[in-house]
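The values are calculated or read from the model by the stated rules, or taken from the named source; none is laboratory data. All of these numbers come straight from a predicted model, not from anything done at the bench. Ideal geometry is used to build each Cβ from the backbone, glycine not excepted, and the neighbour counts take in all protein chains shown.
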């Protein structure tokens, strides 16, 4: 459920015009984002890897704008959850 909502949030908030302004090679683009949902449900430790630093910055901005979530549970205890999120789009 969260994966779908996270994807919808990113699709809605990501500014694709940044990629177009950078004049990157036409075709598919990929940004790999990693982040953690902490025990309070907050997004922390956001990292991104892309073909251009401006794309990384935009991906980090969008992921940090995610609302507070319900934290993960394991064996009845609240735990941090690590997410890996690929952002894919075409130019």
Practice problem: Keeping to segment 41-55, report how many residues are closer than 14 Å to residue 84 by Cα, surrounded by 13 or more Cβ atoms within 10 Å (Cβ to Cβ) and either at pLDDT below 95 or more than 9 Å from the chain's Cα centre (by Cα) (or both). | Solution: 2
Quiz item: Restricting attention to segment 8-59, which residues are closer than 22 Å to residue 71 by Cα, in a helix (DSSP H, G or I) and free of Cβ contacts under 8 Å to residues at least 24 places away in the same chain?
Solution: 8
Quiz item: (1) in a loop (DSSP other than H, G, I, E, B); (2) more than 16 Å from residue 6 (Cα to Cα); (3) in contact (Cβ under 8 Å) with a residue 12 or more places away in the chain: which one isn't true of residue 69, the others all being true?
Solution: (2)
Exercise. Hey, could you check segment 65-80 for residues that are surrounded by 12 or more Cβ atoms within 10 Å (Cβ to Cβ) and in contact with a helix residue (DSSP H, G or I) (Cβ under 8 Å, 6 or more places away or on another chain) and say which is farthest from residue 41 (Cα to Cα)?
Key: 66
